[in-house]
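Presented below is the structure to which this report refers.
The values are calculated or read from the model by the stated rules, or taken from the named source; none is laboratory data. For clarity, every value in this text was computed on a predicted model and none was experimentally measured. Here Cβ is always computed from backbone atoms with ideal geometry, including for glycine, and neighbour counts include all displayed protein chains.
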Amino acid sequence: MIILGIETSCDDSSASILIGKYNKVRVLSNLISSQIKIHNKYGGVIPEIAAREHVIAILPSIERSISEAKVKKQDIDAIAVTQGPGLVSSLLAGIETAKALSLAWKKPIIPVNHLSGHIYSNFINPKKIKFPLISLIVSGGHTILVYMSKHHHVKIIGETLDDAAGEAYDKGAQMMNLSYPGGPIIEKLAKKGENKDIVFPRPMLQSQDLNFSFSGLKTSLYYQLKKDKQWQKKIEKYSYSYQEAIIDILLKKSQKAISNYPVKSFLLSGGVAANSSLRERLEKNLNLNFYAPEIKYTTDNAAMIACAAYYLFQTKKEKAFKNYKSLQVAPNLKLA
Ligand code: KG4
Ligand code: ZN
């Protein structure tokens, strides 16, 4: 089965061609047109600008994804597209493109939950992942722990009560006058800032549930910077301690999740999964088959959307297909 994937939920316009056979998927092409440079100067994503950029970028990306994959349009069996969650105007650009192609090519659409896409970034390229499993999704908008008994059977067992982990990176970076997105730059600075003098709280660590909270961490950074007249000279130390707190919270809650739910595998995903310290710390301390996607599939991309769609088809067959007429964006779409 050959699937065209389309992803436009936030600030990356992406198109991918993926081929799936039994329990294996292979990415034939994955094009990402990033808008980071455009949004960088505003310190965050401006929805109106993001939508306009998607409209410009998405069709050329689709054309290139098809030619790079060396497939013909008529070989494509289905069009997978992100339905939500995300920015409504950004999602619309992808959904309307998918609808138009579906009408023109007479191919079905498989709508995909963006978060499900992140989970399935772990299933790209041959891998034998055993169920049941726990997946930690850490992105700019979400921090969720899920339990999966089998493909596309998802139960949320923990989530953030306020900010997401990626948001903590982005807002922390903004406070330290660093650029957007904050994650990669804080990670880089943190590597040179190991110290024990600056300490941040670990909210919710004592709570018995599997929920997270990151807004107190952000507030603590705000007050520590305000008190410290020399903070600009210690930016690497602040980055290190701030990142340590984020990783510590993610690790401890993941450990608690594993002890509450006996599973065979643990899957990390989402933009924050690009962080090498987080990957190493989880892999070392979880004592479980640990999986994280290739770095290029951690941040938003269409290959993960096509991969989730392939397994949705494997699970539901034709029921996974939607007619273009009945398809609508769902900016607040829930994972379960
Ligand atoms: O999954 P994603 O691309 O978009 C959403 O669905 O939100 O995640 C973007 C988030 C941003 O908050 C960004 O700061 C964070 O992922 N991120 C990182 C790293 N690379 C991206 N966070 C920590 N370390 C990184 N290396
Ligand atoms: Zn995402």
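Some points to look at:
- Ala190 meets each of the listed conditions (1) in contact (Cβ under 8 Å) with a residue 40 or more places away in the chain; (2) out of contact with any helix residue (DSSP H, G or I) (no Cβ under 8 Å at 6 or more places or on another chain); (3) more than 15 Å from ligand 2 (Cβ to nearest atom); (4) of a type outside the set (Phe, Trp, Tyr) apart from (2).
Every residue, every condition in (1) modelled with pLDDT under 95; (2) in contact with a Phe, Trp or Tyr (Cβ under 6 Å, 6 or more places away or on another chain), yes or no:
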| residue | (1), (2) |
| --- | --- |
| Tyr147 | no, yes |
| Val154 | no, no |
| Glu159 | no, no |
| Glu167 | no, no |
| Ala173 | no, no |
| Ser179 | yes, no |
| Gly183 | no, yes |
| Leu189 | no, no |
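- Checking each residue in region 75-93 for being away from ligand 1 (no atom under 15 Å from the Cβ) and in contact with a helix residue (DSSP H, G or I) (Cβ under 8 Å, 6 or more places away or on another chain) picks out Ile76, Ala78, Ile79, Ala80, Val81, Ser89, Leu92, Ala93.
One line per residue, one yes/no per condition, for (1) small (Gly, Ala, Ser); (2) exposed (fewer than 15 other Cβ atoms within 10 Å of the Cβ); (3) more than 14 Å from Gly183 (Cα to Cα); (4) within 15 Å of the chain's Cα centre (by Cα):
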| position | (1), (2), (3), (4) |
| --- | --- |
| Lys227 | no, yes, yes, no |
| Lys252 | no, no, yes, no |
| Lys264 | no, yes, yes, no |
| Asn275 | no, no, no, yes |
| Lys284 | no, yes, yes, no |
| Tyr291 | no, no, yes, yes |
| Ile295 | no, yes, no, yes |
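- Of the helices (runs of 4 or more DSSP H) lying entirely inside region 230-335, not one is found with 3 or more residues being closer than 30 Å to Ser29 by Cα, in contact with a Ser or Thr (Cβ under 7 Å, 6 or more places away or on another chain) and away from ligand 1 (no atom under 15 Å from the Cβ).
- Scope region 51-67; condition among the polar types (S, T, N, Q) and surrounded by fewer than 21 Cβ atoms within 10 Å (Cβ to Cβ); matching residues: Ser67
- Count of residues meeting criterion [among the hydrophobic types (A, V, I, L, M, F, W, C) and buried (at least 20 other Cβ atoms within 10 Å of the Cβ)] in region 232-246: 2
- When Lys130, Lys106 are checked against the criterion of being of a type in the set (D, E, K, R), on the phi > 0 side of the Ramachandran plot and modelled with pLDDT of 95 or more, a single residue qualifies: Lys106.
- Matching residues in region 161-183 - criterion: being farther than 12 Å from Gly44 by Cβ, out of contact with any Ser or Thr (no Cβ under 7 Å at 6 or more places or on another chain) and away from ligand 2 (no atom under 15 Å from the Cβ): Ala168, Gly172, Met175, Met176, Asn177, Leu178
- Residues (among the small types (Gly, Ala, Ser) and within 16 Å of ligand 1 (Cβ to nearest atom)) located in region 94-119: Gly94, Ser116, Gly117
- Restricting Ser220, Ser213, Ser207 to those that are closer than 18 Å to Tyr240 by Cβ and out of contact with any helix residue (DSSP H, G or I) (no Cβ under 8 Å at 6 or more places or on another chain) reduces the list to Ser220.
- Looking only at residues of region 124-144 that are within 16 Å of ligand 1 (Cβ to nearest atom) and not hydroxyl-bearing (Ser, Thr, Tyr), we find that the one that is farthest from Gly84 (Cα to Cα) is Ile124.
- Ile185, sole failed condition from (1) part of a helix (DSSP H, G or I); (2) surrounded by fewer than 23 Cβ atoms within 10 Å (Cβ to Cβ); (3) of a type in the set (A, V, I, L, M, F, W, C); (4) more than 10 Å from ligand 1 (Cβ to nearest atom): (4)
- Within region 280-306, residues that are free of Cβ contacts under 8 Å to residues at least 12 places away in the same chain have Cβ atoms under 7 Å from residues that are surrounded by fewer than 18 Cβ atoms within 10 Å (Cβ to Cβ) in these pairs: Glu283/Phe290, counting only partners at least 6 apart in sequence or on another chain.
- Checklist (1) within 24 Å of Val81 (Cβ to Cβ); (2) touching a Ser or Thr at 6+ places or on another chain (Cβ under 7 Å) applied to His153, failing item: (2)
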